[in-house]
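The numbers here are math on the coordinates, done by the rules we state, and not lab data. Because the structure is a prediction, the values reported are computed rather than measured. Note: ideal-geometry Cβ built from the backbone for every residue, glycine included; neighbour counts use all protein chains shown.
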Ligand SMILES: [Fe+2]
Ligand SMILES: [Fe+2]
């Protein structure tokens, strides 16, 4: 699969893969690209070009995960990107899926009880996920920032978020949500709402998988490394 | 292991007819002999399930009884030639007249072999449903093992099969499935079971 480079025109990225647009937005880069290249626009918006490309390429290619390169970026960049991704999930993906599930429920005969259970399942999932984000934003990310900026302030040198397991649960439950809908939904429902919902779930699943992988495979090893240096 | 059908009947045409009614049952081997004396222990000893068809007039009653003790999961069908034949009802689980429709035998056999635990189809077995019910009610592997008198190891293997068949991995997901399939009532579920 193709790998984007700094000389590519930004508009080309979206033309090749429109699902990159939210990722580009996440970096604060706005439309009106004109014919400017990735490098030019990153400079204009004060974005680290190499980091931008690493993220965009990871997102674009399923098998692309430049671990060594990602590990070389400042943890502050990673944390900043992870926070922006949370914000996108909280303000867009999760409410969007919630709304579509509810519309799908309304489209079933007499608000079908199977679909009602699926909605309950999703709401519980969402609540747990928001707790997870909160924990990261209130505990993990500030810890990483302190570790980088004021390492002498660090009290606890045995920090281990150990949330690989939690990420696995997030992944399993999202997969379960898909299977419950695909396998056990009653046949009477609004197919347009259903199509849209499934598309959104699949998109979100891919996005959050990348996100969790960044936390597990990049951020946590970076923290472990920094802690060794500080000690 | 495996499923076996043993057909005992002196008349070759009857044997052939019985074989053709049952021959395409999946994962099932059919042995067909003229007299009960010809049945060898190799024919059934490794069978998980045994369906035996034998004339009601079969004289090998003690052997029949012994065979029952050897294969736990069995169904013995006596074949009745005409209503005047005398036989002991307690030797057979079912009695079929020779002029019964082949479909009837077929259905009996299908029902018997369907109840297996080999799980090649995606339907949950009765045992797996029971395990699923207990999971949905919030039990741990240990308490499930205790209430079903099985080892936790067996519980884990049931859970693995359930997850593989349904494609559902999480406890909340399994709980929702159990409610949808009416294996548990929504009112039996505690609120935190989904979280
Ligand atoms: Fe996160
Ligand atoms: Fe996370």
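Any idea what the alpha-carbon Rg over 2.2 N^0.38 Å comes to for the protein assembly as shown?
Dividing the Cα Rg of the protein assembly as shown by 2.2 N^0.38 Å gives 1.44.
Average partner chain C-beta neighbours within 10 Å, per residue of B:159-172?
Counting Cβ atoms of other protein chains within 10 Å of each residue's Cβ and averaging gives 4.
Over the whole of B:95-105, what's the average partner chain Cβ count within 10 Å per residue? Rounded to a whole number, please.
Mean shielding by partner chains, rounded to a whole number: 0.
Rounded, prolate or oblate, given the Cα gyration tensor of chain A, with a/c below 1.5 counting as rounded?
oblate
Kirkwood hydrodynamic radius of the range A:10-64 from all distinct Cα pairs, in Å?
11.2 Å is the Kirkwood radius here.
For helix A:113-135, what angle does its Cα long axis make with the longest principal axis of chain A, in degrees from 0 to 90 and rounded to 10?
Taking the Cα atoms of chain A, the angle to A:113-135 is about 10 degrees.
Counting other beta carbons within 10 Å of each Cβ, put A:143, A:18, A:81 in order, fewest first.
By the 10 Å Cβ count, ascending: A:18, A:143, A:81.
For B:24, A:8, what ranking results if the residue with the fewest other Cβ atoms within 10 Å of its Cβ goes first?
B:24, A:8
By count of other Cβ within 10 Å, fewest leading, how are B:8, B:14 ordered?
B:14, B:8
Between residue B:157 and residue A:43, how high is the FRET efficiency from 1/(1 + (r/R0)^6) when r is the Cβ-Cβ distance and R₀ = 56 Å? Nearest 0.05.
Result of the calculation: an efficiency of 0.45.
Rounded to the nearest 0.05, what FRET efficiency do residue B:164 and residue B:114 have when you use their Cβ-Cβ distance and R0 = 22 Å?
Efficiency, rounded to the nearest 0.05: 0.70.
Normalised by the number of residues in chain B, what is the relative contact order in percent for Cα pairs under 8 Å and 6+ residues apart?
Relative contact order comes out at 15 percent.
Let me check against my output: what whole-number percent is the relative contact order of the range A:72-230, with C-alpha pairs under 8 Å and at least 6 apart?
Relative contact order here is 40 percent.
Given the convex hull of the Cα atoms of the range B:126-194, what is a quarter of its surface area in nm²?
4.1 nm²
Tilt of helix B:171-180 relative to the longest C-alpha principal axis of chain B, in degrees (0 to 90, nearest 10)?
Here the helix axis deviates by roughly 60 degrees.
State the dimensionless ratio Rg/Rh of chain B (Rg: radius of gyration of Cα atoms; Rh: Kirkwood radius).
Radius of gyration over Kirkwood radius for chain B works out to 1.11.
I want to check the label-to-label distance for residue B:148 and residue A:195. Put each point 7 Å from Cα in the C-beta direction and report it in nm to one decimal.
4.3 nm
Among the DSSP beta bridges whose two residues both lie in the protein assembly as shown, what percent are antiparallel, rounded to the nearest 5?
5 percent
Rounded, prolate or oblate: which fits the range A:91-213 when a ≥ b ≥ c are the square roots of the eigenvalues of the alpha-carbon gyration tensor, with rounded for a/c under 1.5 and prolate only if a/b beats b/c?
In terms of gyration-tensor shape, prolate.
Let me check against my output: what whole-number percent is the relative contact order of the range A:10-64, with C-alpha pairs under 8 Å and at least 6 apart?
35 percent
What FRET efficiency comes out for the pair residue A:19/residue B:102, r = Cβ-Cβ distance, R0 = 56 Å, nearest 0.05?
Approximately 0.45, to the nearest 0.05.
Would you tell me the mean number of C-beta atoms belonging to other protein chains that fall within 10 Å of each C-beta in B:173-182, as a whole number?
Mean partner shielding for this stretch: 6.
For the range B:2-114, what does the alpha-carbon gyration tensor say about shape, rounded, prolate or oblate, given a ≥ b ≥ c as the root eigenvalues, a/c under 1.5 as rounded, and a/b over b/c as prolate?
Rounded, because the longest to shortest axis ratio a/c is under 1.5.
What order, most packed first, do the peptides B:166-178, B:94-106 have when packing is the mean number of other Cβ atoms within 10 Å of each residue?
B:166-178, B:94-106
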